[in-house]
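Only one structure is covered here, and it is reproduced in the block below.
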Amino acid sequence: MAVASVPLRAEVLSLLRSLLKTARKFGDYNIREYARRRAVDGFRENKELLDPSAIAAAFAEGTSQLEVAKRQASVYTLYAPSAKSVMEIIIIHFGNTGRVVMIATA
Amino acid sequence: MATVSAASVRFASLKPASRSNQTNGVTSGVKFVTIGTSKLSFPSLRSSRFRVHCAAKPETVNKVIDIVKKQLALSDDTSLTPESKFSSLGADSLDTVEIVMCLEEEFDISVDEDNSQNITTVQEAADLIEKLVLQKAEAA
């Protein structure tokens, strides 16, 4: 088993960018938002790691997750749903301000 | 006995006088400052000559500021100037990557890896956005 090398700072940021770019490709709002959230949270959680082997292990895990995400993004396009998720409709209509919008239904 | 006939130069009509001076070869000591007068008397002239090429449009800068505020969860009354550095607003490199991704989505551009590492202030982001939008418009 080859020893994983410690990634450089630029490589780590590049991995995050790739994960976020792949997350954008998902058609399903829920999965897209989850992928973004999980990527950012995962990187933030491991931000303070000092041990080189732990850093390398986290980087390897991130890279494998990137492969999973890329595969799933292409699989999901084969089975794209016809209707948009209601959250997406709300955000497109009202904008993504982060504030809760009350919608009255008769 | 050459007398300088500066008195014969008529200031009422600037342009013809300058041409006649050149054809006569008479070097009058009068320098026509056209830059100053064009600003004053011809407001309809497009001042494209005077635009500084590195400046970005204010609405682009404002959009960038809005996105940065939202990403870093800053309150609305924090004043952001174009020279504000992201690091001084409490953003680390992860936040910077997120901000660049948000800007990519907002302006529908694609920032490549090297450029994304160099963005440290609001002004730099706005300038890069303008350049990429221009490149995209030219390619289309």
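Yes or no: B:T96 within 26 Å of the chain's Cα centre (by Cα) and more than 13 Å from chain A (Cβ to nearest Cβ)? Talk me through it step by step, then tell me what you get.
Details: within 26 Å of the chain's Cα centre (by Cα): yes; more than 13 Å from chain A (Cβ to nearest Cβ): no.
For B:T96, the condition - within 26 Å of the chain's Cα centre (by Cα) and more than 13 Å from chain A (Cβ to nearest Cβ) - is not met.
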> Would you pick out the residues in the stretch B:119-140 that are assigned to a loop (DSSP other than H, G, I, E, B) and over 20 Å from the mean Cα position of the chain (by Cα)?
Replying inline: B:A140
> Within the stretch A:22-49, can you find the residues that are surrounded by 16 or more Cβ atoms within 10 Å (Cβ to Cβ) and facing chain B (nearest Cβ under 10 Å)?
Replying inline: A:A23, A:R36, A:A39, A:V40, A:F43
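Is there a residue in the stretch B:37-49 that is assigned to a loop (DSSP other than H, G, I, E, B), at pLDDT 85 or above and either under 21 Å from A:R9 (Cα atoms) or away from chain A (no Cβ under 14 Å) (or both)?
Taking the stretch B:37-49 first, the residues assigned to a loop (DSSP other than H, G, I, E, B) are B:42-46.
Applying the additional criterion that residues be at pLDDT 85 or above yields none.
Checking the stretch B:37-49: not a single residue is assigned to a loop (DSSP other than H, G, I, E, B), at pLDDT 85 or above and either under 21 Å from A:R9 (Cα atoms) or away from chain A (no Cβ under 14 Å) (or both).
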>> Name the residue that is surrounded by the most Cβ atoms within 10 Å (Cβ to Cβ), counting only residues in the stretch B:99-116 that are within 11 Å of chain A (Cβ to nearest Cβ), hydrophobic (A, V, I, L, M, F, W, C) and not in a loop (DSSP other than H, G, I, E, B).
In response: B:V100
>> Checking A:S85 against (1) more than 14 Å from chain B (Cβ to nearest Cβ); (2) open to solvent by 50 Å² or more (accessible area, probe 1.4 Å), only one condition comes out false. Which one?
In response: (2)
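The values are calculated or read from the model by the stated rules, or taken from the named source; none is laboratory data. In this text, all values refer to a predicted model and were calculated from it rather than measured experimentally. Note: ideal-geometry Cβ built from the backbone for every residue, glycine included; neighbour counts use all protein chains shown. These accessible areas exclude ligands, DNA and RNA; they are computed on the full protein's heavy atoms, side chains included. Shrake-Rupley method; radii C 1.70, N 1.55, O 1.52, S 1.80 Å.
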